[in-house]
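A.B. asks: Right, I'll just put the structure down here and ask away after.
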Amino acid sequence: MQEEKIDLNRIPTHIAMILDGNGRWAKKRMLPRTAGHRNGAFNINKVGKYCSDLGVKYLTLFCFSTENWNRPKDEVEYLMKAPTRIFKKLKKQIIENNAKWVFIGRKDRFPNDVLKIINEIEDITKDKTGIVLTICFDYGSHDEITTAVKKIAKDCVDGKLEPDNITPDVIENNLFTKGYPKLDLLIRTSGEYRISNFLLWQIAYAELYFTDVLWPDFDKNELDKAIISYQKRDRRFGGLNDNKKN
Ligand code: IPE
Ligand code: MG
């Protein structure tokens, strides 16, 4: 247990996480990298549950990036099977829990069976009213922004939109995260201090939290630490807080 307590009245609404360190977790145990990915994948549901119990409304997880295709073929194949493994093992829990699963990213490069499982998970949870658990899978922020720009450009060419009327709201409404609340807290595990092409638009005023803990070891205690750190931050959104205005 933490010595400091979480303030349950100030829980971040939207948390995002860069899940990193699966390979190092396995290496430390003299196991193949896939063992790290296996444990990492099953940790998603657990951390989703902790977040949901605390009252977090949106949890957005970076699970496979547009650049991760460059990994060795065997590893990519293993990672692509993660949704199937999760669904096979946790189907009952997924059906019974109140989390809504959403997959965002490119959906044009998956093998058919992967796409089928993703659609199935999304479909059986689409009416759930609990936490929105977003899995970023073949996701890259540059791709997301490029896709948005193409749609906006097309609307301009089609005469549906005047270039002068393109506002930040128009851009937001063309991102995969359309309608999501602003990002409050971004957590990255495994001691790397990078954003790695994740939610570049959305992190504008997010608080950033980095921990050395490897993703498969990230548990409730680590989540508590991240939220306690977040609650100590002075969020000004570019302005000044009331007591500092004079
Ligand atoms: C994160 O763990 C999982 C994915 C990016 C799919 P890594 O596979 O990056 O693990 P490390 O960084 O090699 O330890
Ligand atoms: Mg890594």
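A.B. asks: Give me the net charge of Leu133's neighbourhood, meaning all other residues with Cβ under 11 Å from the Cβ of Leu133; Lys, Arg count +1, Asp, Glu -1.
C.D. replies: +3
A.B. asks: Hey, got a sec? Which trypsin sites (Lys or Arg not before Pro) in region 175-214 land in a DSSP loop and have at most 11 other Cβ atoms within 10 Å?
C.D. replies: Lys178, Arg194
A.B. asks: Towards the positive end of the charge dipole of region 11-58, with charges on Cβ (+1 Lys, Arg; -1 Asp, Glu), say which of His14, Leu54, Asn39 has the farthest Cα.
C.D. replies: Towards the positive end, the residue furthest out is Asn39.
A.B. asks: When the Cα centres of region 81-106 and region 143-220 are compared, how far apart do they sit, in Å?
C.D. replies: 23
A.B. asks: Of the listed pairs Lys5/Lys128; Lys107/Lys151; Lys57/Lys100, which have alpha-carbon separations greater than 18 Å here?
C.D. replies: Correct reply: Lys5/Lys128.
A.B. asks: Take the chain, drop everything but the C-alpha atoms, weight them equally and run the Debye formula without solvent; then report log10 I(q)/I(0) at 0.10, 0.11 Å⁻¹ to two decimals.
C.D. replies: For the chain at q = 0.10, 0.11 Å⁻¹, log10 I(q)/I(0) is -0.52, -0.63.
A.B. asks: Under the classification rounded if a/c is under 1.5, otherwise prolate if a/b is larger than b/c and oblate if not, where does region 95-188 fall, given a ≥ b ≥ c as square roots of the Cα gyration tensor eigenvalues?
C.D. replies: prolate
Throughout, read-outs are computed from the coordinates displayed, never taken from laboratory work. Since we're looking at a predicted model, the values are computed, not measured. As a convention, Cβ positions derive from the backbone with ideal geometry for all residues, glycine included, and neighbour counts pool all protein chains shown.
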